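Take a look at the structure below.
The values are calculated or read from the model by the stated rules, or taken from the named source; none is laboratory data. What you see is a predicted model; the values in this text were computed from it and never measured. Every residue, glycine among them, receives a Cβ derived from its backbone with ideal geometry; neighbour counts consider all protein chains shown. When the accessible area is computed, the model is the full protein with side chains, heavy atoms only, and any ligands, DNA or RNA have been set aside. Shrake-Rupley method; radii C 1.70, N 1.55, O 1.52, S 1.80 Å.
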Amino acid sequence: MIEGAAWKFGDDVDTDVIIPGQYLILPAEEAAQHVMAGIRPGFAKEVSPGDVIVAGRNFGTGSSRESAPRAIKDAGISAIVAESFARIFFRNCVNVGLPPVECARAGEIEEGMRVRVDIDNGRVDVIDTGESYPAVPLPEEIGAILRAGGLVPMLREQFGR
């Protein structure tokens with residue numbers, strides 16, 4: 001179960017605004033300090049560990065950079081709840097251990113509200129209002145990768161390296 005404050009973004013949030021190109025040369029921890037700089041400068045300084053991004057349609061459109069979901073995760077965001085995701089971004093989220101949760105009613109969640117995300121059962125609860133929204137449950141294989149912290153940690157667990 002994931003619980004945190006909601007940070008709201010709209011439709012078609014591109015990977016170029018999630019982590020602008022000039023920050024890609026930085027080590028991952030430093031790049032995370034600039035997450036969302038192309039759309040909301042200073043965002044990373046406001047995030048508390050465990051917070052959740054809520055967004056509209058096609059979140060993560062653009063390039064196939066794994067650095068975009070990694071920067072979001074490294075900034076302290078614990079999940080992204082969106083109406084839909086760009087497919088490669090969705091997979092990159094899973095690979096880095098950042099839960100991507102598809103919820104058709106994500107756009108109804110207001111910024112600052114406390115949300116609880118149940119990735120195993122496919123549910124997003126808005127604690128402040130008592131509303132509960134259905135989300136697309138993730139397949140067990142995806143859940144296993146996320147529980148391990150991403151694809152590389154899961155493979156290390158399996159193969160002992």
Taking region 57-70 on its own, how many of its residues are modelled with pLDDT of 95 or more and either over 10 Å from the mean Cα position of the chain (by Cα) or acidic (Asp, Glu) (or both)? 3
I'd like to check something: does region 5-14 contain any residue that is of a type in the set (Lys, Arg) and over 20 Å from Gly150 (Cα atoms)? yes
Is at least one residue of region 82-89 under 21 Å from Ala44 (Cα atoms) and either open to solvent by 50 Å² or more (accessible area, probe 1.4 Å) or in contact (Cβ under 8 Å) with a residue 40 or more places away in the chain (or both)? yes
If I ask for residues that are of a type in the set (Gly, Ala, Ser) and either open to solvent by 10 Å² or more (accessible area, probe 1.4 Å) or in contact with a Ser or Thr (Cβ under 6 Å, 6 or more places away or on another chain) (or both), which ones from region 98-114 would you list? Ala104, Gly107, Gly112
Criterion violated by Ile119 - all others in (1) closer than 24 Å to Asp12 by Cα; (2) modelled with pLDDT of 95 or more; (3) hydrophobic (A, V, I, L, M, F, W, C) satisfied: (2)
Within region 1-51, take every residue that is open to solvent by 10 Å² or more (accessible area, probe 1.4 Å) and hydroxyl-bearing (Ser, Thr, Tyr) and give me the one that is farthest from the chain's Cα centre (by Cα). Tyr23
Give me the pairs: first residue in region 132-161 and closer than 16 Å to Arg91 by Cα, second residue open to solvent by 70 Å² or more (accessible area, probe 1.4 Å), beta-carbon distance under 7 Å, and six or more apart or on different chains, which are they? Pro137/Asn121; Gly143/Asp120; Ala148/Glu157
One residue from Val54, Val117 being more than 29 Å from Leu155 (Cβ to Cβ), buried (at least 18 other Cβ atoms within 10 Å of the Cβ), under 12 Å from the mean Cα position of the chain (by Cα) and not charged (D, E, K, R): Val54
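On the given criteria, is Asp74 acidic (Asp, Glu), surrounded by fewer than 23 Cβ atoms within 10 Å (Cβ to Cβ), over 13 Å from the mean Cα position of the chain (by Cα) and over 29 Å from Ser132 (Cβ atoms)? Give the derivation first.
Details: acidic (Asp, Glu): yes; surrounded by fewer than 23 Cβ atoms within 10 Å (Cβ to Cβ): yes; over 13 Å from the mean Cα position of the chain (by Cα): no; over 29 Å from Ser132 (Cβ atoms): yes.
No: the conditions fail for Asp74.
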Any idea which of (1) touching a Phe, Trp or Tyr at 6+ places or on another chain (Cβ under 9 Å); (2) modelled with pLDDT under 95; (3) under 19 Å from Gly112 (Cα atoms) is the one Val52 doesn't satisfy? (2)
Complete set of residues in region 111-137 that are under 21 Å from Ser84 (Cβ atoms) and among the β-branched types (Val, Ile, Thr): Val115, Val117, Ile119, Val124, Val126, Val136
I'm trying to understand the selection: among the residues of region 35-70, which are touching a strand residue (DSSP E or B) at 6+ places or on another chain (Cβ under 6 Å) and either under 13 Å from Trp7 (Cα atoms) or aromatic (Phe, Trp, Tyr) (or both)? Gly50, Asp51, Val52, Ile53, Val54, Ala55, Phe59
Only one of Glu110, Glu83 is at pLDDT 95 or above, more than 21 Å from Ala37 (Cα to Cα) and touching an Asp or Glu at 6+ places or on another chain (Cβ under 9 Å); which? Glu83
